[in-house]
Amino acid sequence: MPAAVPLFLPGSSPVHRLGAGVKLLLLLATGVALAVWRTPWQVGLAVALVLLGYAVAHLPLRVLLRQVVALSWVAVPLLAVQWVFASWQVAVGVVGSFVSLVLLAGLVTLTTRTTAMVDVVVRACGWLRRLGVDPERVGLMIALGIRSVHVVLGLAQEVREAQHARGLRASPRAFAVPLIVRSLRHADRLGEALSARGVDD
């Protein structure tokens, strides 16, 4: 069984001390910015700033490398497709934006307790009670989403290691099919667990 992808790594760096609300707003603003600005130098700057954030947070290099390796199974084929059917500038812009956002989301989760992020979301969604929406359910959905990202990364690592153990060649189909099947099984188990606890709607 491969080592689990960590959700949170305690620390006292400036990134760790930054409030959960500020980090989530920064993540949202970055997503909006990269949806508009996608030239190679702009996404290159975004990637550099995210990597600087990892350095300031004093996170182990192996944690960053594990995320980069997991991302490469999606990023490399996407880069090739965009390069062939569009241009290298579009390819770098799309893949660079994707990598920047995923790594930034990883930085936020690694330096922020999930409970702190959920609390921020619940408070921000308090006004939804007037519309009949339970902010606590929204918070639960966010927490499950955060956890699911790391679960899928762990499943991807398991599939890759299983392929290597069997001596199978790298193939997008041979990787994607078992990953999708395992992800769906996890979703089924999660749904059953929630239903058993009365969260069935």
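The values are calculated or read from the model by the stated rules, or taken from the named source; none is laboratory data. Bear in mind the structure is a predicted one, so any value in this text is a computation, not a measurement. As a convention, Cβ positions derive from the backbone with ideal geometry for all residues, glycine included, and neighbour counts pool all protein chains shown.
Check whether at least one residue in the stretch 78-86 is among the β-branched types (Val, Ile, Thr), under 21 Å from GLY21 (Cβ atoms) and at pLDDT below 90, and report yes or no. Taking every residue of the stretch 78-86 in turn, none turns out to be among the β-branched types (Val, Ile, Thr), under 21 Å from GLY21 (Cβ atoms) and at pLDDT below 90. Here GLY167 meets each of (1) closer than 30 Å to LEU140 by Cβ; (2) modelled with pLDDT of 70 or more; (3) more than 24 Å from the chain's Cα centre (by Cα) with one exception, condition (1).
Residue by residue through the stretch 115-133, note down the ones that are modelled with pLDDT of 80 or more and not in a helix (DSSP H, G or I). Answer for the stretch 115-133, where residues must be modelled with pLDDT of 80 or more and not in a helix (DSSP H, G or I): CYS125, GLY132.
The numbered conditions (1) within 16 Å of ALA105 (Cβ to Cβ); (2) surrounded by 14 or more Cβ atoms within 10 Å (Cβ to Cβ) are all true for LEU28 except (2).
Here is the figure for the stretch 110-147: residues that are of a type outside the set (A, V, I, L, M), touching a residue at least 40 places away in the same chain (Cβ under 8 Å), surrounded by 15 or more Cβ atoms within 10 Å (Cβ to Cβ) and under 30 Å from ILE180 (Cβ atoms) total 2.
All of LEU64, LEU79, LEU107 fail the test of being closer than 20 Å to GLU158 by Cα, surrounded by 15 or more Cβ atoms within 10 Å (Cβ to Cβ) and either of a type outside the set (Gly, Ala, Ser) or in the same structural domain as GLY154 (by TED's automatic domain parsing) (or both), apart from LEU64.
The criterion of being modelled with pLDDT under 70, surrounded by 14 or more Cβ atoms within 10 Å (Cβ to Cβ) and not assigned by TED's automatic domain parsing to the domain that holds VAL76 holds for HIS150.
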